[in-house]
Amino acid sequence: MASRDESDRSRAVWRSCLAAAFKTGLACTIVGCTTLYGPEAIRREIAFPAFSYVTVILIVTDATLGDTLRGCWLAFYASFQGVFPAILSLWLIGPSRLTTSTTAALVAVSACLVVLPENTHLISKRIALGQIVIVYVIGFINGMHPEPIMHPIRVAASTALGVVACVLALLFPYRSLACHEVTENCKLFTENASERLKLIVKAFLAEDNKSRQALISQEKSLSVSGTKLLHSIKSKQESMQWERFLVMFFKLYCTNPGERLQNLERILRGMEISLTNCSQIPVRLADPELENDPTSSVEEHISNQIKRMPPVMTIIQESQTENDMKFLQKLHTIIPVTDKDLPFLFFLFCLKLLQGKSAATSPKVSGKQGSNDSEKQKKWHFGDICSIPIRINKRRLMPAFKSSLSLGLAVLLGLMYSKENGFWAGLPVAISLASGREATFKLANAKAQGTVIGTVYGTICCFIFGKYIKLRFLSLLPWFIFSKFLCKSKMYGQAGGISAVIGAVLILGRENFGPPSEFAIARIVETFIGLSCSIMVDILLQPTRAATMAKIQLSTTIGTLHKCVGIISFSTISNFEEGQKQFKFQVNELGKIIGEAAAEPNFWFLPFNSACYGKLLESLSKMVDLLFFGAQAIKLLEQESRRIDSTQWKETVSKLDGDLKLFKETAVSAIKCLEEISLIKSLAALDKEFETRKGSLDLELGKRRPIDPYVVQFSSSSEADWTVKNVNSFLRHSDELLSHINIGKDEEEFKNQVILSLGALAFCINSIARETKEIEKVIKEVLQWENPSSQVNLYDILCKIHATANTVTI
């Protein structure tokens with residue numbers, strides 16, 4: 001089974017790489033044939049075929065037809081940003097008056113204006129920056145010859161050729177549609193989710209822990225593929241919007257179900273969480289007639305749920321079977337609920353939520369809502385095509401300044417080294433602009449190595465095939481395939497793979513650049529100049545290491561968790577959901593920074609503890625899911641409570657809210673302490689400051705303010721306290737609440753839903769407490785890693801933090 005899955009994945013990777021290489025090769029062949037064999041009038045206007053190849057690589061890499069259509073619009077918008085202002089500048093200044101310094105200054109100023117807007121697409125910025133480098137540097141190199149108007153227009157024409165080649169390559173010989181890719185990936189994801197659900201159920205019904213762990217391990221390996229498929233589906237959202245009207249003529253248009261599948265993925269993760277805490281199915285749920293096989297009723301119920309698990313693209317709501325209803329009707333026999341029942345109830349809650357989510361998204365159930373969503377998508381699509389309002393944000397000032405300085409410096413040093421090849425220093429910096437922070441040294445190393453191996457490959461092919469241009473282009477196809485594998489590798493990634501492609505294409509598609517070996521050496525040297533400038537500017541203007549940023553972001557994330565847990569309540573569900581979204585955003589940001597820090601070289605710094613931060617990210621991500629399920633449980637309880645309007649019911653709900661308040665006090669106390677501790681790096685510095693402050697307090701005969709109550713609470717809190725004191729009280733009041741429901745034929749389903757919701761909420765509370773203790777352990781491990789000569793005691797650290805922060809009172 002495993003070998004078959006591995007072979008299927010290998011074939012899928014090969015097919016993907018072959019298809020992408022064919023599209024890239026076809027687009028580059030169109031550019032090459034046009035610039036080498038096209039009519040003289042066209043070749044005269046396409047004065048910079050090198051940039052046509054660069055445009056092809058920027059747009060067509062892993063692109064669909066929708067991506068390419070979007071690329072047409074982005075290239076036009078990039079020309080509006082890069083070419084047309086250059087026409088005005090060259091007309092006012094004159095190419096003959098350009099010098100090395102003025103050229104670099106013009107490039108820097110133009111780059112700042114391009115990068116500064118917040119909402120301009122990254123591809124558009126890269127194309128515009130590349131055009132700026134070509135226009136100004138070539139204008140300076142050629143001196144009197146370039147015309148102030150026609151020279152920039154020829155750069156735009158070269159860009160247009162690359163765009164047209166991309167569109168033709170994606171249209172013929174077959175259409176590469178995002179809609180088709182999403183449909184296929186949805187089918188694969190549905191199969192993946194169904195298989196994972198079956199493994200989860202088998203693990204849930206397993207008789208021993210060893211079998212359960214083996215099945216969970218198998219399910220987790222499948223979840224990796226599911227996550228990749230889900231990411232691919234969601235990434236095609238914008239591309240499908242650009243294909244909308246073209247595809248509707250063929251009646252192939254479908255909406256992107258990324259958000260709906262994300263909910264399915266989250267529910268599967270919830271079931272996975274329940275398995276880590278589930279020992280066995282409560283025997284009280286077994287049929288009296290089936291005492292020898294207590295899992296039969298449960299297994300039959302879950303099997304019915306799996307059979308009704310709807311296909312992703314055509315969701316149909318079905319009624320429950322008689323056996324299924326019989327099982328659910330017996331849930332009330334579990335009263336009173338104990339803490340051992342919670343994983344089981346949470347599992348069934350997720351299963352019920354899975355069915356509810358599917359029905360809620362059914363076109364038949366919510367057709368009007370679907371129509372509204374379609375109108376929103378249509379409005380967004382027209383707005384995106386017809387107008388792009390320029391938004392300037394203060395946060396963009398530093399990235400814009402950094403980009404302009406690195407590009408201007410690269411052009412300056414590149415021209416000083418070699419006037420004829422100076423633009424090759426600025427071009428790699430321009431087309432590799434990043435949207436945010438990145439692992440500077442790792443990516444620069446990948447780009448440099450990719451450029452070198454691509455250039456060497458191109459030089460060898462030129463030497464072997466000589467003047468046979470057709471054979472040169474044929475030699476590019478295997479290189480495109482190899483580069484696609486480089487893009488998927490951890491060593492090179494997207495940056496190294498694209499650099500390798502461009503390095504080979506510019507060698508094999510060149511003309512009138514002199515001997516290949518000289519051109520190759522010049523390109524490599526200029527590329528290293530540009531990358532060195534980019535690294536130097538990053539070090540000067542971005543001195544904070546990613547490891548330090550990870551520590552700060554960890555504290556920010558825990559602080560957001562502290563606020564989110566603090567607003568859990570039956571009465572403020574909307575605020576709770578908003579806080580949950582903010583917490584999820586912070587966790588995602590932490591994941592990005594951890595990835596950057598893991599790729600960052602150590603040099604003379606302490607190595608980044610990737611293992612510990614990975615555990616922290618895993619626990620925080622689990623917290624995101626637990627808070628989501630907690631919000632769903634509270635929302636369902638709120639909906640069900642509207643059916644009963646009695647004083648006893650409201651009083652018991654108030655008691656439950658009190659239990660939540662008690663939980664929040666304990667949880668928030670611990671989380672607040674972890675937020676403060678997570679920022680401590682040097683315990684020696686803290687001890688020194690504490691001793692200094694302690695001496696000054698003794699001399700002044702003052703006394704420190706009492707340590708905050710939550711510090712004392714943190715020292716005495718333990719996992720046992722949380723489960724016994726908070727959860728058991730919540731369960732007692734839950735049983736009291738359920739006793740107010742009179743069992744009748746119409747009330748059984750209602751009571752079952754309340755049981756599942758209360759059990760799920762109690763499970764989430766218990767699991768949040770457990771994950772908080774796990775975070776505490778890992779933070780202690782991180783502190784010990786950073787302070788190997790000190791003995792780490794979190795309570796003592798907290799006391800010292802508050803003692804040094806307190807003021808003297810007489």
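Any read-out appearing in this document is the output of simple, stated calculations on the displayed coordinates, not a laboratory observation. Quick caveat: nothing in here was measured; it's all calculated off a predicted structure. Cβ coordinates were reconstructed from backbone atoms using ideal geometry, including for glycine residues, and neighbour counts include every protein chain displayed.
Annotation: extensible slack from S682 through T99 equals 204.7 nm (criterion: 0.36 nm per residue apart, minus Cα-Cα distance).
Put a dot 7 Å past the Cα of T544, heading toward its Cβ, do the same for F441, and the two dots end up 2.0 nm apart. Per-residue 3J(HN,Hα) values for the stretch 584-594, derived from phi via the Karplus relation 6.51 cos²θ - 1.76 cosθ + 1.60 with θ = phi - 60°, read 4, 4, 5, 5, 4, 5, 4, x, 5, 5, 4 Hz in sequence order (x marks Gly and Pro). Here each label is just a point 7 Å from Cα along the line to Cβ, and for S569 and E191 those points are 5.0 nm apart.
Pairs exceeding 31 Å between alpha-carbon atoms, taken from K220/K655; K402/K563; K340/K655: K220/K655; K402/K563. This ranking places S654, S757 by how few other beta-carbon atoms lie within 10 Å of each, fewest first, which gives S654, S757.
Taking a virtual spin label 7 Å from the Cα of K419 along the C-beta vector, which residues in the stretch 78-105 bring their backbone nitrogen under 20 Å of it? Output list for this probe position: 90, 93-105. In the stretch 489-505, which residues have a backbone nitrogen under 13 Å from the label point lying 7 Å from K228's Cα in the Cα-to-Cβ direction? 489-490, by backbone N distance to the label point. Its Cα centre serving as origin, the stretch 561-608 has a Cβ charge dipole (Lys and Arg +1, Asp and Glu -1) of approximately 120 debye. In this simple spin-label approximation, S517 and S789 carry label points 7 Å from Cα along the Cα→Cβ vector, and these lie 5.7 nm apart.
Counting only Cβ charges, +1 for Lys and Arg and -1 for Asp and Glu, the dipole size of the stretch 82-187 around its Cα centre is about 80 debye.
Each peptide in 53-61, 13-21, 629-637, 795-803 receives the mean, over its residues, of other Cβ atoms within 10 Å, and ordering these scores from highest gives 53-61, 629-637, 795-803, 13-21.
Ranked for footprinting exposure by Cβ neighbours inside 10 Å, fewest first, H231, H180 give H231, H180.
Fully extended, how many nm does the chain gain between S729 and L113 (0.36 nm per residue separation, minus their Cα-Cα distance)?
Going from the current span to full extension adds 215.7 nm.
The mean sequence distance of close C-alpha pairs (under 8 Å, at least 6 residues apart), as a share of the length of the stretch 52-149, puts its relative contact order at 42 percent.
Between L88 and A434, what is the FRET efficiency for a Förster distance of 25 Å, r being their Cβ-Cβ separation, to the nearest 0.05? In this case the efficiency is close to 0.30. Between L18 and I149, full extension at 0.36 nm per residue minus the direct alpha carbon distance yields a gain of 43.0 nm. Placing R0 at 56 angstrom, the Cβ-Cβ distance between E774 and L168 gives a FRET efficiency of 0.55 after rounding to 0.05. When each of the peptides 35-44, 262-271 is scored by the mean number of other C-beta atoms lying within 10 Å of its residues, the order from highest to lowest reads 262-271, 35-44.
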